[in-house]
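The values are calculated or read from the model by the stated rules, or taken from the named source; none is laboratory data. Because the structure is predicted, anything quoted here is derived from the model rather than measured. Methodologically, a virtual Cβ is constructed for each residue, glycine included, from the backbone with ideal geometry; neighbour enumeration extends over all protein chains shown.
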Amino acid sequence: MKVQIRLLSRFLLRWKIWRISRLLSVRWKDLERIIAWKRRRASLEIAPELIASCGIEKLLVTIESDSLLNRSGLPSSFDLANLDAETKTLLESIHFPMPENIKGAKDELSFDLTDMSNALASYDDKIQMHRFTFTVRDAKTQEQSVSFSYSVKPNVAVITKDIAAINIWSTFTFFSGESDSNDGLGFEYKKVSDSEWTLVDVTSKNADGKTFSVFRKGLEPKTAYVYRAFSSDPDGNRVYGNEVEFKTDYANADDNNNPFVPNLGFEDWSTIEKYSWSANAGETEVFWGSGNKGANTAAAITGVHNPTAPEETTIISGKAVKLASDEVFNVLAAASLYTGYFKKTDGTNGILSFGRPYVGRPTQLTGFYKYISGSINIAKSDCPDGVKKDDPDQCHIYVALCTQEYEIRTKASNRNLFKNDDTVLAYGELISKESVSGDEKNGYKKFAIDIKYKPGSENKKPTHILIVATASKYGDYFTGSTSSVLYLDEFELQYDYNPASFVGTSLEGLGE
């Protein structure tokens, strides 16, 4: 003999002011039905069958709903065939059906969920999802399960919607609301710590005719805000929706103001293994690296200067970076600085680790630079782009937001240079083929590199950042000029909305 458990749900809702009706979404296997009520009686019956061939031994119900569990005090799972008194009382408070004599039952059982559904609909002023799973086990420990969900829309005139975490940037985000009214639409927002609200008007609804939204910039990083949607009732009175809190993303500092990318001003320097300069405060925490470790060591023998070193004269403030390419043992040592570390040498070649762990989504890298471009006097035959001797050397500064770090090899037989592949979410660069001297202090010129996000990558978050600067762009191929010098100072990551960062993405053209 088999037992069939039928889950029956009938609903009656009446036409209400503003035509805001509750919405029920029931999922059974791959079936999704959405029932809305408008001036009529509507009912929905779902009758999935759970079979207990030898009678019910256990009927486990699992609930996935933070709001329901928090308010009712119910456990997240319970056995209807073996209920204790406390759980039974809690189930009665939400009108959960509890047929008698479930354990050992061999006849059909039906669960009428109408009263419970109406109770769920009055729980919150936000859209709530309540998921239930029924698992039946018979005396031979055979099990079957069925799951369904209630998506309950509150009976209010205006709904303020939660903001997806991926849409909350450091200084901008999206507000979204829903209302049956087409008049007086807008939002108000403020810092949680403030008392005054800032008004944002909305001229029309979105294409779906239900929701309305607005792009908002000018927010402060890592700051708690609250916002609410509003519309007008038939008498022209403003009606507010629920309040939603959110916190903007980080800029270049955590909650304790520790920078994610340290020493962007290049004030801190130390020495590693006696001869090599390091743009880090100490030897233990290395964020910035140089590809010139071998050249720096050789400098102690040959008397040649260190290609990467601190600069205290040609500066904007404090100290700067001086990258001066040179020749060591008849090989070009292209002066470089990058976020990462030097792993080891392979003869005269290098193996580097590019990229360091990072939290944030910047839109620009700004700073100051001054460049002296020499004529290329060392060139290898495998250098790309037709670069040859006597061509002007080029400086190169670039930034990439990535989802991993990279091992970079410069040996020709197994060269693995940085690639703009799928793990790179955003990228920006500056290349100069000529000497650069600007109007800033000591002849520096201010630069701003747009960090350009790939289509689709605006919906992802990087885990690593790569910032690279070199006086000789083709130094990876040991090609460049021993006369090239690049000065750098006062780098800074920017987080404001930048139109150039989002061309071709879903964020293109916003806020203009």
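Considering each residue of the range 238-272, count those that are acidic (Asp, Glu) and in contact with a Ser or Thr (Cβ under 7 Å, 6 or more places away or on another chain), and give that number.
Looking only at that region, the number is 2.
Looking only at the range 110-122, filter to residues that are crowded, with 18+ Cβ neighbours inside 10 Å and closer than 30 Å to Ile163 by Cβ; which one of those is modelled with the highest pLDDT?
Among residues in the range 110-122 that are crowded, with 18+ Cβ neighbours inside 10 Å and closer than 30 Å to Ile163 by Cβ, the one modelled with the highest pLDDT is Ser117.
For the range 492-512, how many residues meet the condition of being among the aliphatic types (A, V, I, L, M) and in a loop (DSSP other than H, G, I, E, B)?
Of the residues in the range 492-512, 3 are among the aliphatic types (A, V, I, L, M) and in a loop (DSSP other than H, G, I, E, B).
Being more than 23 Å from Ser325 (Cβ to Cβ), under 21 Å from the mean Cα position of the chain (by Cα), at pLDDT 95 or above and acidic (Asp, Glu) is the requirement here; does Asp422 meet it?
Here the answer is no, as Asp422 does not meet what is asked.
So for the range 233-240 (the condition being within 27 Å of the chain's Cα centre (by Cα), of a type outside the set (A, V, I, L, M, F, W, C) and either part of a loop (DSSP other than H, G, I, E, B) or not assigned by TED's automatic domain parsing to the domain that holds Phe287 (or both)), does at least one residue qualify?
Looking through the range 233-240, none of the residues is within 27 Å of the chain's Cα centre (by Cα), of a type outside the set (A, V, I, L, M, F, W, C) and either part of a loop (DSSP other than H, G, I, E, B) or not assigned by TED's automatic domain parsing to the domain that holds Phe287 (or both).
Across the range 128-159, which residue is modelled with the lowest pLDDT among those that are among the β-branched types (Val, Ile, Thr) and more than 20 Å from Gly73 (Cα to Cα)?
Val156
Hey, any hits in the range 251-261 for a residue that's of a type outside the set (Phe, Trp, Tyr), surrounded by 12 or more Cβ atoms within 10 Å (Cβ to Cβ) and farther than 30 Å from Ile316 by Cβ?
No, the range 251-261 has no match at all.
Can you work out which of the residues in the range 283-300 that are assigned to a loop (DSSP other than H, G, I, E, B) and crowded, with 16+ Cβ neighbours inside 10 Å is modelled with the lowest pLDDT?
Step by step, filter the range 283-300, then rank; the result is Asn292.
Out of all the residues in the range 241-282, which are touching a strand residue (DSSP E or B) at 6+ places or on another chain (Cβ under 8 Å), of a type in the set (S, T, N, Q) and assigned to a loop (DSSP other than H, G, I, E, B)?
Within the range 241-282, Thr248, Asn252, Asn263, Asn280 meet the criteria.
In the range 301-382, which strands (runs of 3 or more DSSP E) lie fully inside it and hold 3 or more residues that are modelled with pLDDT under 90 and of a type outside the set (D, E, K, R)?
Passing ranges, in order: 331-333, 336-346, 349-354.
Could you grab me the full set of residues in the range 209-226 that are assigned to a strand (DSSP E or B), within 23 Å of Glu508 (Cβ to Cβ) and either in contact with a helix residue (DSSP H, G or I) (Cβ under 9 Å, 6 or more places away or on another chain) or among the small types (Gly, Ala, Ser) (or both)?
If the condition is that a residue be assigned to a strand (DSSP E or B), within 23 Å of Glu508 (Cβ to Cβ) and either in contact with a helix residue (DSSP H, G or I) (Cβ under 9 Å, 6 or more places away or on another chain) or among the small types (Gly, Ala, Ser) (or both), then Ser213 is the only one that fits.
Of the conditions (1) within 30 Å of Asp162 (Cβ to Cβ); (2) modelled with pLDDT under 75, Asp107 satisfies every one except a single condition; which number is it?
(1)
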